[in-house]
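S.K.: Quick one: this structure, given as structure tokens, is what I'll be asking you about.
The values are calculated or read from the model by the stated rules, or taken from the named source; none is laboratory data. Since the structure is predicted, the reported quantities are computational estimates derived from the model, not experimental observations. Please note: Cβ atoms are built from the backbone with ideal geometry, for glycine as well, and neighbour counts cover all protein chains shown.
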Amino acid sequence: MSPQHAPSYPLGYSSNESDRLERQGAFLNELTAEVLKRAGLRPGMQILDVGCGMGDVTLLAALLVGPTGSVVGIDRDAEGLNRARGRRRQRSPMSSSVRRSCRRSARARSSTR
């Protein structure tokens, strides 16, 4: 899928939407932590959070896997990732990182060569 044809987030990527997502993450924090625990996250695991957005789940997962584990969050929204990075730094030291993902799949890249 080429970048110009990548599906967009229906609610947009505005600063207001980012603020809303942060409030939503805070509201759902305890429930999300319980879901992750029931899913089996435990110390030492390596986790990939695809579509991490503001990093709420990424940061919770990092707490659960602890210093012996690692969590990587990827997303295509640069503003959301910047906020996630800032939040991670505030809670440091944690074994998590957030990265911007590629918008094109390997298949799309190989077909354009």
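S.K.: Could you tell me whether segment 69-86 includes any residue that is at pLDDT below 80, in contact with a Pro (Cβ under 8 Å, 6 or more places away or on another chain) and of a type outside the set (Phe, Trp, Tyr)?
M.R.: No: segment 69-86 contains no residue that is at pLDDT below 80, in contact with a Pro (Cβ under 8 Å, 6 or more places away or on another chain) and of a type outside the set (Phe, Trp, Tyr).
S.K.: If I go through segment 75-86 residue by residue, how many of them are acidic (Asp, Glu) and buried (at least 17 other Cβ atoms within 10 Å of the Cβ)?
M.R.: Of the residues in segment 75-86, 2 are acidic (Asp, Glu) and buried (at least 17 other Cβ atoms within 10 Å of the Cβ).
S.K.: Yes or no: segment 76-85 includes at least one residue that is without any contact (Cβ under 8 Å) to a residue 60 or more places away in the chain, in contact with a Leu (Cβ under 9 Å, 6 or more places away or on another chain) and basic (Lys, Arg).
M.R.: No: zero hits.
S.K.: Being surrounded by 23 or more Cβ atoms within 10 Å (Cβ to Cβ) and within 16 Å of Gly86 (Cα to Cα) is the filter here; which residues of segment 61-74 pass it?
M.R.: The answer is Ala62, Val71, Gly73.
S.K.: Among what's in segment 28-74 and is more than 23 Å from Ser18 (Cβ to Cβ), outside any loop (DSSP other than H, G, I, E, B) and without any contact (Cβ under 8 Å) to a residue 24 or more places away in the chain, pick the residue that is farthest from the chain's Cα centre (by Cα).
M.R.: Only one residue tops the list, namely Arg38.
S.K.: Further question: Quick check, is Arg38 modelled with pLDDT of 80 or more and charged (D, E, K, R)?
M.R.: yes
S.K.: Residues being among the hydrophobic types (A, V, I, L, M, F, W, C) and either within 14 Å of Gly69 (Cα to Cα) or surrounded by 12 or more Cβ atoms within 10 Å (Cβ to Cβ) (or both): count how many of those fall in segment 21-54.
M.R.: Of the residues in segment 21-54, 11 are among the hydrophobic types (A, V, I, L, M, F, W, C) and either within 14 Å of Gly69 (Cα to Cα) or surrounded by 12 or more Cβ atoms within 10 Å (Cβ to Cβ) (or both).
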